[in-house]
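For reference, the structure discussed in these notes is given below.
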Amino acid sequence: MIERVCVGVILGAQGLRGYARIRSFTTEPANIGAYGPVWDETGMRSFVVRVLGRRCGSVVLADLTNVAHRSEAEVLRGLRLFVPRSALPEPEEDTFYWADLVGLTVLFTDGQPAGCVHALHDFGAGTILELIVEEGGTIMVPFTQATVPEVNVAQGWVRVVRDSCASIDCNIAAGTRV
């Protein structure tokens with residue numbers, strides 16, 4: 001299991017005092033600072049996040065420790081923020097941390113391999129699984145009970161309904177890449 005979980009990314013600076021706009025990946029965006037200090041990808045730099053308000057959707061305005069000026073916040077743009085896995089609560093039944101799903105094997109409901117989970121996205125209309133398919137390329141399927149009826153993190157797989165991956169079958173038959 002992963003030791004760190006990405007909880008957000010800095011989008012840019014806001015105002016002259018060095019406040020940062022952060023896209024929060026937590027269920028409640030304002031909770032990004034609730035799990036203790038956040039760390040950069042290297043684990044060398046940490047920040048305490050004090051959320052000042054919510055901007056739009058999952059974007060919050062935050063004050064970061066040791067960032068006092070706009071220019072300091074601007075250089076942090078794109079910085080991914082992590083917390084130790086141990087700082088997060090255990091997920092409830094049938095809920096998952098996205099980080100735990102990336103890399104899992106994707107099987108069709110009949111057990112045939114389909115590929116692996118490459119990423120998860122939420123563009124506002126619901127969560128989407130991005131899959132790297134066995135034949136090469138990627139496809140995206142809705143992460144719903146109807147299209148992904150089973151997830152077994154412990155055994156390292158997710159099951160996907162074949163009809164939700166129709167483009168895989170079409171490309172297999174045609175011998176082309178997605």
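Where a number appears in this text, it was derived from the coordinates with a stated rule and is not lab data. What you are looking at is a predicted structure, and each value in this text was computed from that prediction instead of being measured. With ideal geometry, Cβ positions are generated from the backbone for all residues, glycine too; neighbour counts draw on all protein chains shown.
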Based on the alpha-carbon gyration tensor of the stretch 1-85 and its eigenvalue square roots a ≥ b ≥ c, which shape applies: rounded if a/c is under 1.5, prolate if not and a/b is larger than b/c, or oblate? oblate
Using the 10 angstrom Cβ neighbour count as an exposure proxy, how do Cys165, Cys6 rank, fewest first? Cys6, Cys165
Residue by residue through the stretch 120-134, what is 3J(HN,Hα) from phi via Karplus (6.51 cos²θ - 1.76 cosθ + 1.60, θ = phi - 60°)? Round to whole Hz and write x for glycine and proline. 10, 9, 9, 9, x, 9, x, 6, 10, 8, 9, 10, 8, 8, 3
Dipole of the chain, positive end: most advanced residue of Ala34, Pro84, Leu131 [Cβ charges, Cα centre]: Ala34
One would report the antiparallel percent of DSSP beta bridges in the stretch 98-174, rounded to the nearest 5, as 80 percent
Helix-derived [θ] at 222 nm for the chain: sum -39500 (n - 2.57) over DSSP H runs of at least 4, divide by residue count, nearest 500? -2500 deg cm²/dmol
Checked against the positive end of the charge dipole of the chain (+1 on Cβ of Lys and Arg, -1 on Cβ of Asp and Glu, about the Cα centre), the farthest of Ala73, Leu16, Val49 is Leu16
Mind checking the full-extension length gain between Val161 and Leu88? Use 0.36 nm per residue of separation minus the Cα-Cα distance, one decimal, nm. 23.2 nm
Report relative contact order for the chain in percent, whole number only (criteria: Cα-Cα under 8 Å, sequence separation at least 6). 18 percent
About the Cα centre of the chain, what is the dipole size in debye to 20, counting +1 per Lys and Arg Cβ and -1 per Asp and Glu Cβ, all else neutral? 960 debye
DSSP beta bridges in the chain: the antiparallel percent, rounded to 5, is 90 percent
